[in-house]
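Single-structure report; data block below.
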Amino acid sequence: MESPSPAPRRVLLAKPRGYCAGVDRAVQTVELALDRYGAPIYVRKQIVHNTHVVKRLEERGAIFVDELDEVPDGAIVIFSAHGVAPTVHQEAAARGLKTIDATCPLVTKVHNEAKRFAAKDYDILLIGHAGHEEVEGTTGEAPDHIRLVDGLDGVDKVQVRNPDKVVWLSQTTLSVDETKETVARLRERFPNLIDPPSDDICYATSNRQAAVKRIAPQCELVLVVGSANSSNSKRLVEVAKAYGAKAAHLVDDASYIREEWLEGVTTVGLTSGASVPEELVQGVLKRLAESGFTDVEEVEAVEEHMRFALPYELRRDLRAVAK
Ligand code: SF4
């Protein structure tokens, strides 16, 4: 008698995945600045949290620095997609540096909300991860009014001046479900807590999580392509596990996949964080095909059409050349 043929091995490919409009804009900003002004171009912090993107831009002449004191006088410096505190703009202006601000417009929106509520003297409960660049930038808009709430643990610790005058805002790349839980707990402590005028968790973060929720229950393993410092990528791993994947791993590229992860697995889910170029996902698909995962089905949760215009300073200079 013939032995039964092995179960077919398949990949469920989440859509949307990869580059969001803010990352696309930020990476293009560095590339076009290199074309327009020539190397070197300085970039404060990683332009987006992806090691491959940063390396590729470094090879073209971008120099990534942590702080402005590493930027020489007269140089051009780009601010990353995660945004900066006003003190960074002030320092750059005081030094006469030419700056291009690649802050994602959806991060700028949160900065503006913080300024508005601070002007009305609210205590602002900012849900986010301590030390994340975006949180540092937003906090810098209203340091006397913003209190960081780092996950559920932060709810009991946070102190406010007037419990009846509090609003919550959040980092753009958090887990949608966990943030809802944190807000519910905050509301138990502060029943008059005000919601932000619109969601701070951005469309790209929530859409990528929605797609993972669709595939995870059918997968023994979910692979998330993304770098270890990418907040939205790490959240995708957590969401995959919470929605039924037996295992989920973050991989920077195909070389990070361990053969033992694939043992006994028939369905792998695959997605990527908002700062990940599609070619890295294609590399993972190729690697999976070598292990017999040749049947690939794309599962779309939400259609995306978002685009952002390039930073004004860059558009102006590019127009001047075109004339
Ligand atoms: S993840 Fe969201 S907030 Fe961050 S750059 Fe992309 S669109 Fe902007």
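Here, each number is a calculation from the coordinates, and none is a lab measurement. Owing to the predicted nature of the structure, the values given are computational and were not obtained by experimental measurement. Cβ placement follows ideal geometry from the backbone for every residue including glycine, while neighbour counts extend to all protein chains displayed.
Overview of values
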read-out: For 305, 89, order by how many other beta-carbon atoms lie within 10 Å, fewest first; value: 305, 89
read-out: DSSP beta bridges in the chain [antiparallel fraction, %, rounded to 5]; value: 0 percent
read-out: Distance between modelled label sites at residue 260 and residue 185, nm, 7 Å Cα→Cβ extension; value: 3.4 nm
read-out: 25 Å Cα-Cα threshold exceeded, pairs from 246/286; 109/165; 115/213; 157/241; value: 115/213; 157/241
read-out: Beta bridge orientation in the stretch 106-189: antiparallel %, DSSP, nearest 5; value: 0 percent
read-out: Footprinting exposure proxy for 201, 194 (fewest neighbouring C-beta atoms within 10 Å first); value: 194, 201
read-out: Burial ranking of peptide ranges 240-249, 226-235 (average Cβ count within 10 Å, highest at the top); value: 226-235, 240-249
read-out: Sorted by Cβ density within 10 Å, fewest first, the residues 51, 271; value: 51, 271
read-out: Spin-label pair residue 144/residue 318, simplified geometry with 7 Å Cα→Cβ offset, distance in nm; value: 4.0 nm
read-out: Rg and Dmax [Cα atoms of the chain; Å; Rg one decimal, Dmax integer]; value: 21.6, 82
read-out: Mean Cβ count within 10 Å, highest first, over the residues of peptides 103-109, 206-212; value: 206-212, 103-109
read-out: Which of 154, 293, 114, positive extreme of dipole for the chain (C-beta unit charges); value: 114
read-out: Pairwise centroid distance, computed over Cα atoms, of the stretch 250-323 with the stretch 19-98, Å; value: 23 Å
read-out: Alpha carbon convex hull of the stretch 106-189, projected area averaged over orientations, nm²; value: 4.9 nm²
read-out: Three-way shape call for the stretch 198-271 based on the alpha-carbon gyration tensor, with the a/c threshold at 1.5; value: oblate
read-out: Computed over the stretch 148-207, Cα set: Rg, Dmax in Å; value: 11.5, 36
read-out: Hull-based mean projected area of the stretch 1-124, where the convex hull spans the alpha carbons, in square nanometres; value: 13.2 nm²
read-out: About the Cα centre, charge dipole magnitude for the stretch 106-189 (Lys/Arg +1, Asp/Glu -1 at Cβ), debye; value: 380 debye
read-out: Rounded to 10°, Cα long-axis angle of helix 176-189 versus longest principal axis of the chain; value: 50 degrees
read-out: Residue 286-residue 307 pseudo-label distance in nm [points 7 Å out on the Cα-to-Cβ vector]; value: 2.9 nm
read-out: Convex hull volume of the stretch 48-182 per residue (C-alpha atoms, cubic angstrom); value: 122 Å³
read-out: Among 196, 51, 68 the positive-end extreme of the charge dipole of the chain (Cβ point charges); value: 196
read-out: Among 59-67, 213-221, the order from most to least packed when residues are scored by Cβ within 10 Å on average; value: 213-221, 59-67
